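Note sheet for the following structure.
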Amino acid sequence: MTLEEYQNGALKTALYPREHAIVYPTLGLNGEAGEVADKVKKTIRDFGGEFSAERREAIAMELGDVMWYAATLAHDLGYGLSEIAEMNLRKLQSRVARGKLHGEGDNR
């Protein structure tokens, strides 16, 4: 599946009020990323950091929700997921070329 195919499929299930475009998926993205982090945290706390197949799958399912919100947010901002991915790789490649992969800030 391509990123465009995924985004198009995700958009068919994007049933949130259009007057809350951008805001709604941003809040959802934050919440789902928190759920990913929470499952990782609980794996460390409750299972000694052992990422069993079951726990990995549970985290993967949450990552799917992160992708859904990223796909809808990208659309609301006027971008395809492929464009977002390409922009991100260009940014990272530029940082590597300039020796700025480490550090802080978006414009390094």
Global geometry of region 3-79, whether rounded, prolate or oblate, following the gyration tensor of its Cα atoms and the 1.5 cut on a/c: prolate
Given points 7 Å out from each Cα along the Cα-Cβ axis, report the Glu35 to Glu54 separation in nanometres with one decimal. 1.9 nm
For n ≥ 4 DSSP H runs only, could you compute -39500 (n - 2.57) per run for the chain, divide by its residues and tell me the 222 nm figure to the nearest 500? -24000 deg cm²/dmol
Under 19 Å from Lys39, Cα to Cα: aspartates and glutamates that are on another chain or at least 8 residues apart: Glu50, Glu54, Glu57, Glu62, Asp65
What does the charge count around Val36 come to, taking other residues whose C-beta lies under 9 Å from its C-beta (Lys +1, Arg +1, Asp -1, Glu -1)? -4
Please give me the summed charge of the neighbours of Ala85: other residues whose Cβ is under 13 Å from its Cβ, Lys and Arg +1, Asp and Glu -1. -1
With a length cut of 30 Å (Cα positions projected on each helix's long axis) and a Kyte-Doolittle mean of at least 0.0, go through the chain and give me the DSSP H helices that pass. 53-77
Distance in nm between pseudo-label sites at Met1 and His20 (7 Å out along the Cβ direction from Cα): 2.4 nm
P(r) of region 37-108 over all Cα-Cα pairs, binned every 10 Å from zero, in whole percent: 17, 27, 32, 24, 1
What is the chain's relative contact order, in percent, from Cα pairs under 8 angstrom and six or more apart in sequence? 35 percent
Can you compute the charge dipole magnitude of the chain about its Cα centre, using +1 on each Lys and Arg Cβ and -1 on each Asp and Glu Cβ, nothing else charged? Give it in debye, rounded to the nearest 20. 520 debye
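No lab work stands behind these numbers, since they all come straight from the coordinates. Note that the structure is predicted; figures quoted are calculated from it, not measured. Here the Cβ is made from the backbone with ideal geometry for all residues, glycine too, and neighbour counts use every protein chain on show.
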